[in-house]
1. With every protein chain kept in place and ligands, DNA and RNA left out, what is the accessible area per residue of the range 316-413? Probe 1.4 Å, answer in Å².
2. For a quick check: with amide H placed at 1.01 Å from N, whose amide H comes under 5 Å from ASN273's, ignoring anything fewer than 5 positions away on the same chain?
3. Dividing the alpha-carbon Rg of the range 316-413 by 2.2 N^0.38 Å yields what?
4. Restricted to Cα positions, what overall size does the range 475-531 have along the principal axes? Three whole-Å values, descending.
5. Please enumerate, by chain and number, the lysines with C-alpha under 24 Å from the C-alpha of LYS392, excluding those fewer than 8 residues away in the same chain.
6. Which whole number in µm²/s is D for the range 453-582 by Stokes-Einstein, with the Kirkwood Rh taken over Cα pairs at 4 °C and 1.567 mPa s?
7. Order the peptides 475-484, 314-323, 192-201 from the highest to the lowest mean number of other Cβ atoms within 10 Å of their residues.
8. Provide the convex hull volume over Cα atoms per residue for the chain, in Å³.
Amino acid sequence: MAEQQRKVILECISTPNKGRGMTSPNDISPASLIHAEDPLAVIIMKSCRDTHCHYCFSEAPADVVFCPSCTIPIYCSNRCQEEAVGQISWNQNACLESNNSVVDIAKLSVTSTRCKTQIAEHRHECGGAHWAAVLPADIVLAGRIMAQYIEKQLLAGKRTTISGPNLDLVHHYNQDSPASKFESHIYATVLLLCLQSYYKSGVSWAEDSLSQLVLLICQIKVNSIAIVHMKSMDGGKVLTVNKGFSGSSGAVMCSVEQVRVAQAIYMSGSFFNHSCQPNVHAYFRSRTLVLRSSEYIKAGTPIELSYGPQAGEMDLPERQKSLRENYYFSCGCSNCSVLSLSDLVMNSFRCPQSNCLGAVSELIYYRCKENSVHVSIGESHVCTLSLPDISKFDEDMVKVGNLFFKSDAILNIDPGFCMSCRSQLDLSSAVAISDRATSKINRLKELPALDNVPEVVIAEALQSLEQTEKLRHPYSKALAQAQDTIAEAFAKVGDQEQARKHCKASIKILEKLYHPSHIIIAHELIKLVSIELSMGDGASASAAFARADAIFSLYYGPDVKRILPYVDALRRTVSERSVGSC
Ligand SMILES: C[S@@+](CC[C@H](N)C(=O)[O-])C[C@H]1O[C@@H](n2cnc3c(N)ncnc32)[C@H](O)[C@@H]1O
């Protein structure tokens with residue numbers, strides 16, 4: 001059923017440091033549908049070519065349908081095949097005729113009745129050379145945008161010389177390295193030759209068509225969005241067969257994996273800027289981009305999604321590096337402008353003084369007079385942050401970096417020194433011991449069948465966890481991951497009491513790194529629900545599920561059932577078990 005709601009009005013505005021951006025003149029309530037859009041063009045990721053439908057990107061069934069001409073793309077149904085290729089008439093002499101311009105498509109062996117209104121996206125890639133199977137996905141995507149532009153011109157009866165689609169999208173050609181510029185020029189040349197060979201004399205090319213193609217490739221680098229589908233691991237099996245909660249044979253924990261299935265250009269979607277603490281959540285219904293508010297958004301506030309890196313998941317230098325490398329900008333979002341708890345603790349060690357919650361970091365923090373903090377790694381400056389209004393934060397924030405918040409002095413916190421009491425830690429040996437402990441814990445993941453994990457391996461992992469707890473900051477990501485891995489191992493060998501303890505410990509840390517209603521917490525809570533069900537504790541499972549469900553509804557609205565079907569199946573199991581436990 002279509003979602004009933006008030007339409008959110010969006011405005012594209014000019015921002016001081018991020019170019020254009022989106023906002024709304026109205027207040028937006030949480031979980032509102034902000035925007036839904038089909039892509040201008042889209043292409044399947046190379047890694048999914050053999051496993052997913054090339055049109056809707058769902059997992060391909062055993063009896064796939066091939067492209068009838070080149071047999072390279074696979075589709076899950078005749079309908080998807082027809083959408084991508086056009087209607088098949090098997091006419092070897094078929095021509096696409098538009099007024100006086102005639103394009104020979106005999107090689108393709110297909111004609112499309114749909115193409116009068118809509119362009120079949122794969123047609124121009126067929127017919128012998130198979131260049132689309134060889135070129136990188138973003139270049140094939142550029143080819144699809146160009147083909148669409150050309151065919152629209154032809155169908156409109158315009159006998160214009162083809163230049164470029166002239167999309168009004170930002171690019172960073174000038175910031176590209178010489179090697180990357182060279183690569184774009186080479187690919188543009190190859191793509192132009194491929195398109196020329198397909199359209200033959202049906203199209204005449206402008207002098208600037210090559211540079212327009214280079215520009216388009218650069219626009220795709222900055223504006224394309226990865227389409228991610230959620231894949232439920234283990235959970236689906238548990239919930240359909242409805243076993244695995246027995247306790248003795250071990251619980252199968254529900255977890256999800258995000259699979260990057262495709263890369264797409266969304267014209268309006270391209271005007272949303274990035275934030276490391278976004279206020280909208282982006283997800284996909286097949287190839288449609290959907291944006292939903294994950295919090296209350298006051299009128300006039302920038303509406304921003306995450307391009308990938310998020311606070312809590314990566315620390316500030318990691319986020320900045322990833323955004324610079326992948327999107328060519330230094331992030332100016334509100335989270336990257338202010339010193340935050342998760343950035344201070346995420347990769348930190350604990351203070352050697354047992355009664356101190358201060359963080360010991362590998363980064364240099366230099367606090368200046370004007371209440372700003374410069375962050376560096378060795379010699380290289382990463383960024384400058386403002387000090388937050390500590391009245392808005394919990395006490396832990398102050399305990400972690402007491403010197404910053406309680407001191408007016410200019411000060412320098414070097415790597416290895418506590419940010420609260422300045423005690424010194426032998427950082428290099430702490431790093432070495434902690435890394436060794438982490439790799440021992442991670443061995444649990446590599447074991448093929450965890451039901452038969454020798455007790456000694458679990459004992460060794462627990463010892464390593466103890467070491468990690470002694471060295472890593474209590475809110476560090478390494479500790480959260482260690483607790484999570486150990487929880488999964490205990491769940492699989494059937495010690496649900498231990499599994500619950502470690503799963504809860506992991507959630508507690510994640511609540512500090514992200515925030516209590518972040519989607520990552522909901523996914524962890526679902527694991528806890530599986531464990532509690534297998535313990536026969538229906539009441540606790542039901543409480544944990546209710547919390548997870550509230551977060552999922554915030555992020556996915558009524559689409560939860562479609563995007564995360566296992567959550568719905570789990571809902572039924574939880575309600576049966578909680579009734580049974582009353
Ligand atoms: C997909 S576009 C977003 C719309 C863009 N601002 C425009 O004017 O068309 C991505 C580009 O916007 C800018 N941008 C987006 N988020 C930003 C952020 N958090 N900090 C700085 N620049 C940002 C960068 O130039 C980035 O390459």
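1. On the way: 4600 Å² over 98 residues.
Averaged over the residues of the range 316-413, the accessible area is 47 Å².
2. MET22, LEU305
3. Values: Rg = 13.6 Å, N = 98, 2.2 N^0.38 = 12.6 Å.
Normalised by 2.2 N^0.38 Å, the Cα Rg of the range 316-413 equals 1.08.
4. Sorted largest first, the three principal extents are 30, 21, 12 Å.
5. Within the straight-line limit of under 24 Å, LYS392 reaches these lysines: LYS298, LYS369, LYS406, LYS477, LYS508, LYS512.
6. On the way: Rh = 15.4 Å.
Value of D from the Cα-based Kirkwood radius: 84 µm²/s.
7. On the way: 475-484: 22.9, 314-323: 19.7, 192-201: 16.9.
Order by mean packing, descending: 475-484, 314-323, 192-201.
8. Details: hull volume 106.9 nm³, N = 582.
Taking only Cα atoms, the chain has a hull volume of 184 Å³ per residue.
The values are calculated or read from the model by the stated rules, or taken from the named source; none is laboratory data. If you're wondering where the values come from, they're calculated on a predicted model, not measured in any experiment. Cβ coordinates were reconstructed from backbone atoms using ideal geometry, including for glycine residues, and neighbour counts include every protein chain displayed. Heavy atoms of the whole protein, side chains included, go into the accessibility calculation; ligands, DNA and RNA do not. Shrake-Rupley method; radii C 1.70, N 1.55, O 1.52, S 1.80 Å.
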